[in-house]
1. Using only the alpha-carbon atoms of region 26-128 as identical scatterers, what base-10 log of I(q)/I(0) does the Debye formula give at q = 0.17, 0.21 Å⁻¹?
2. Would you kindly state how much longer the chain becomes between ASP251 and SER110 on full extension, computed as 0.36 nm times their sequence separation minus their alpha carbon distance, in nm to one decimal?
3. Provide the packing ranking of 285-297, 389-401, 329-341, 243-255, i.e. peptides ordered by the mean count of other C-beta atoms within 10 Å per residue, highest first.
4. At 7 Å along the Cα-to-beta-carbon direction for both VAL189 and ALA277, put a label point, then send me their distance in nm to one decimal.
5. Ordering ILE233, ILE119 by how much accessible area each has at a 1.4 Å probe, largest first, what is the list?
6. Enter the per residue convex hull volume of region 67-191, computed from alpha-carbon coordinates, in Å³ rounded to the nearest integer.
7. Using a 1.4 Å probe, how large is the accessible area of CYS154, given in Å² and rounded to the nearest 10?
8. Between VAL368 and ARG292, 0.36 nm times their residue separation minus their Cα-Cα distance comes to what?
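The values are calculated or read from the model by the stated rules, or taken from the named source; none is laboratory data. Model, not experiment: these values are computed from the prediction. Virtual Cβ from ideal backbone geometry, glycine too; neighbours counted across all protein chains shown. The area values use the complete protein model at the heavy-atom level, side chains included, leaving out ligands, DNA and RNA. Shrake-Rupley method; radii C 1.70, N 1.55, O 1.52, S 1.80 Å.
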Amino acid sequence: MSQTTPTSTRSRRELHAWRNAVFVIFILSGLAMASWVARIPGVRDGLGLGKDPSAVGLLILGLSAGAIVGLVAASPLLVRFGPHKGMVGGLFIVSAGMVLIGVGASIAHSVPLVAIGLILLGFGNGMVDVMMNVEGTAVEREIGKTLMPLMHACFSLGTVIGAGFGAAAAALGIDVSWHLIVTAVVIAVAIVIAVRFVPREAELGDEVANTPAVPFRQRMRENLAVWADWRLILIGVVMLGMAFGEGSANDWISLAVVDGHGQSNSTGALVFGFFVAAMTLGRVLGGPLVDRIGRVLAIRITGGLGAAGLLIFILGGPLWVVIIGTVLWGFGVSLGFPLGMSAASEGAANPAARVSAVAIIGYCAFLVGPPVIGFLGKEFGLLNALYLVLVLLIAAFAAAGAVRPVAKPAARTRRAQRAVAANVTAPFARTTVATRGASRASRTSRAKGAVGASATARSARIMR
């Protein structure tokens, strides 16, 4: 059951180049975040913050604040500049932030400079998170295959690459400044090259030659109007539950294994590895599965497995039971976020605004979910706090019908045009039929007259 229908007039080579460029952008986003996370201990030591986690927590708060502002600003910036310029600008901001973090930690030893760098890193990545998903849904519609899960798997691949290079740099004693500056340059150069293969789309807000520009205020009103669409809100519920489940696991699953189930720190890290592997595998394999069984069934199967796995994880038992629950949890939250993006892009005008809206909902859940779980964990225990995630996964399961594919406006327009054409040509067709009928009748009458005249002539000859 294919979820999309190819709509492109571009060649297969152009479509594949576009798709691969978006894959690269997802990888760069993951690479940037993982590079910073991998060097947190080095940044802490360079700033002389000691072993107090609260000081590092305040720095990370700057990253989260910048990310939230970037997510909120992404929609008006998308309207103003389009994703083509927006993605380049966002990753340039990310690169600048990484340079400031490296310089502030290892050269200037300045906490304010690192804090500014983290705000820029969060802001730029928040922008890019929205815009690359808008671009991803556009290329998915053009190709006609489910690609968003694989694109989010590319983000995970970027985090793996970033973590690997970060670990290697730390093991080799490479200074934080050199590592982050080189990574920043790679990201800046790569986005300039990748975006050359991304076509400019007027529908997404890019400037296109010979296409009249829509005034900014009008585009902004149209973007805000999508929030009145109840189908879009229900898609947001699906993404909220899945993103909350993924974000909470990323930040708390290791600690829940250690504090809640009495395992060692290394075991907690191992269990987290099972979660990430299951989620990544679900995204890599998810596209063909969705094309076969449909979005709604895919969300309900994975969401149901995720809720069951989380409940198994909370209730616990032997370590192997906890691992089984973790794997189901990871697989369960793997498809909801990317499929929500695909669903939001369909069925109405202004797909970029719709994708931007649900992206904001999903990414805010990533950022807000972990602190909420931490607060509840302090009051009721970490495992008990995860029941909130279970409730949200059940809500996502219930709202899964909203991601059902709907007819595209273009398809409806083509059907309407065919209907109009049929109505216009019908009278001419009836006239043509009538004319042909009259012509046949005339020919028949003439033939009958000729036969009659011939018979009369023969009779006259006989009489003579």
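1. Evaluating at q = 0.17, 0.21 Å⁻¹ gives log10 I(q)/I(0) of -0.71, -0.99.
2. 48.1 nm
3. Details: 285-297: 18.3, 389-401: 20.7, 329-341: 29.4, 243-255: 23.5.
Listed from highest to lowest mean packing, they are 329-341, 243-255, 389-401, 285-297.
4. For the pair VAL189/ALA277, the computed spacing is 3.5 nm.
5. On the way: ILE233 55, ILE119 80 Å².
Sorted by accessible area, descending: ILE119, ILE233.
6. Once divided by residue count, the hull of region 67-191 is 105 Å³.
7. Solvent-accessible area, nearest 10 Å²: 20 Å².
8. Answer, rounded to one decimal: 23.9 nm.
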